[in-house]
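Enquirer: If you scroll down you'll find the structure; I have some questions about it.
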Amino acid sequence: MTKFEPENIARPRRSVLCVPAINERALQKLPDLDCDAVIFDLEDSVAVDAKQQGREALERFFDKTPLVGRETIIRINAFDSTFGRADLETVLRCAPDAVLLPKVDQPSDVHDISDILTERDGAENMRIWAMIETPRGVLNAAAISEAAHTPDSRLSAFVVGLNDLRKETGVPNLPGRAYLVPWLMQIVLAARAYGLDVIDSVSNDFRDLDGYATECEQGRAMGFDGKMLIHPAQIAAANRHFAPSEDALEEARSIVAAFAAPEAAGLNIINANGRMIERLHVTGAEKLLQMASAIDVRKADRL
Ligand code: COA
Ligand code: MG
């Protein structure tokens, strides 16, 4: 990755399924699940006395079960907690695509881990994802995102954690995520300012698939790349809602074609059947088409 440039790869992160590291039954299900990424959790979903059991389960799993075509992420406990160092050893042994840091409050939380990964010869392409789920994390989201612009930073994505944020702020779980939307948008903006992906928070009520679909639509409209999930029943809707729609793809193809035509040479603006399109729309259109191909490739990899 070149200095100060966002990762320029279309990587589907529509459905990011979380699995508690100690849930061996759920771990066994993963090869058959159609999610884009899996977060193996050593943090909130694993009781204090079961942390070591979780680390061992992950080391066995990564040793034996390649998850073709999906990103793998291990969520560790806070590095300065009793568990952080041992968790990071497990990360180094398992070599997932990324390590997810909980409750990131400030840029140094990212830099510290990035330095350790480098010192310990962690794979060069291992990324860092950051949970934004504390009041300070939300306030500092732009500064944390900017950390991605240091030459050796591995920061690649934010994941919003509303369960923690609601707990810390006392904002209740209201329909439409009323009162939380300004913070969510602030996090999206901070991520985009420095080219990070941004993943929406979990929906706890995994039997209410209608409410969940509405939340996916809202997350998509807010600009999120995908959603963190807790249950396999949530995968299909996330894949559908966060994928480029057929209409959007059709439009993207027509924008690319319109500016590729000889008569558009030297023009920055075209009248496309009564609607203005600008050359600046071409980049977005190309990105969308690349994402659609990446989704197809991922599907093919899994067959
Ligand atoms: N990943 C993979 N498989 C999962 C899964 C997950 N996250 N959650 C459930 N499953 C499997 C179950 O093992 C079960 O398989 P089985 O029928 O062979 O027993 C099947 O899906 C149906 O599960 P269900 O009975 O509906 O729910 P459950 O009681 O087994 O699990 C939860 C419910 C919430 C405990 C579980 O989904 C879970 O732990 N999710 C992740 C929570 C988490 O990671 N939280 C931290 C981040 S917020
Ligand atoms: Mg949390």
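The values are calculated or read from the model by the stated rules, or taken from the named source; none is laboratory data. The structure presented is a predicted model; accordingly, all values stated were derived computationally and were not measured. Every residue, glycine among them, receives a Cβ derived from its backbone with ideal geometry; neighbour counts consider all protein chains shown. SASA here: full protein model, heavy atoms, side chains in, ligands and nucleic acids out. Shrake-Rupley method; radii C 1.70, N 1.55, O 1.52, S 1.80 Å.
Enquirer: With respect to ALA264, determine if the residue is surrounded by fewer than 17 Cβ atoms within 10 Å (Cβ to Cβ) and touching a strand residue (DSSP E or B) at 6+ places or on another chain (Cβ under 8 Å).
Expert: yes
Enquirer: Right, something else. For the structure I just gave you, tell me whether LYS64 is more than 22 Å from the chain's Cα centre (by Cα) and either within 15 Å of ligand 2 (Cβ to nearest atom) or open to solvent by less than 20 Å² (accessible area, probe 1.4 Å) (or both). Step through it out loud before you land on a result.
Expert: Values: more than 22 Å from the chain's Cα centre (by Cα): yes; either within 15 Å of ligand 2 (Cβ to nearest atom) or open to solvent by less than 20 Å² (accessible area, probe 1.4 Å) (or both): no.
So LYS64 does not fit the description; no.
Enquirer: Can I ask one more? Quick check on the stretch 165-180: of everything there that is part of a helix (DSSP H, G or I) and open to solvent by less than 20 Å² (accessible area, probe 1.4 Å), which residue is nearest to ligand 2 (Cβ to nearest atom)?
Expert: Applying the first criterion (part of a helix (DSSP H, G or I)) to the stretch 165-180 yields 165-169, 175-177.
Narrowing further to those that are open to solvent by less than 20 Å² (accessible area, probe 1.4 Å): 165, 177.
Details: LEU165: 9, ARG177: 17 Å.
Restricting to residues being part of a helix (DSSP H, G or I) and open to solvent by less than 20 Å² (accessible area, probe 1.4 Å), the top hit is LEU165.
Enquirer: Where residues in the stretch 127-149 are open to solvent by 10 Å² or more (accessible area, probe 1.4 Å) and among the polar types (S, T, N, Q), which of them is farthest from ligand 1 (Cβ to nearest atom)?
Expert: ASN140
Enquirer: How about the stretch 150-164: which of its residues are away from ligand 2 (no atom under 15 Å from the Cβ) and in contact with a Gly (Cβ under 9 Å, 6 or more places away or on another chain)? Break it down stepwise before answering.
Expert: Within the stretch 150-164, the first condition is being away from ligand 2 (no atom under 15 Å from the Cβ), and the residues that meet it are 150-157.
Within the stretch 150-164, just ARG154 meets the criteria.
Enquirer: GLY69 fails exactly one of the following numbered conditions: (1) at negative phi; (2) modelled with pLDDT under 95; (3) surrounded by fewer than 24 Cβ atoms within 10 Å (Cβ to Cβ). What is the number of that condition?
Expert: Here GLY69 clears every test but (1).
Quick grid of which residues meet (1) touching a residue at least 24 places away in the same chain (Cβ under 8 Å); (2) within 20 Å of LEU189 (Cα to Cα); (3) touching a Phe, Trp or Tyr at 6+ places or on another chain (Cβ under 9 Å):
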site	(1), (2), (3)
ASN77	yes, no, yes
ARG85	no, no, yes
LEU88	yes, no, yes
SER108	no, no, no
GLY122	yes, no, no
ARG127	yes, no, no
LEU139	no, yes, no
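Enquirer: Residues in the stretch 75-133 that are part of a helix (DSSP H, G or I) and of a type in the set (Gly, Ala, Ser): how many?
Expert: Qualifying residue count for the region: 4.
Enquirer: Still on this structure, I have one more. Tell me whether the stretch 41-49 contains one or more residues that are in a helix (DSSP H, G or I) and either modelled with pLDDT of 95 or more or open to solvent by less than 30 Å² (accessible area, probe 1.4 Å) (or both). Steps first, please.
Expert: Pass one, the stretch 41-49, residues in a helix (DSSP H, G or I): 48-49.
Filter once more, keeping what is either modelled with pLDDT of 95 or more or open to solvent by less than 30 Å² (accessible area, probe 1.4 Å) (or both): 48-49.
Yes, because at least one residue in the stretch 41-49 is in a helix (DSSP H, G or I) and either modelled with pLDDT of 95 or more or open to solvent by less than 30 Å² (accessible area, probe 1.4 Å) (or both).
Enquirer: Say whether the condition of being at positive phi and of a type outside the set (S, T, N, Q) is met by at least one residue in the stretch 204-212. Outline the logic, then answer.
Expert: First pass over the stretch 204-212, keeping only residues at positive phi: none.
Within the stretch 204-212, not a single residue is at positive phi and of a type outside the set (S, T, N, Q).
Enquirer: Scan GLY219, GLY226, GLY195 and give me the residue that is under 15 Å from the mean Cα position of the chain (by Cα), open to solvent by 30 Å² or more (accessible area, probe 1.4 Å), assigned by TED's automatic domain parsing to the domain that holds ALA178 and within 28 Å of THR72 (Cβ to Cβ).
Expert: Numbers: GLY219 fails: open to solvent by 30 Å² or more (accessible area, probe 1.4 Å); GLY226 fails: open to solvent by 30 Å² or more (accessible area, probe 1.4 Å).
Just a single option satisfies the conditions, and that option is GLY195.
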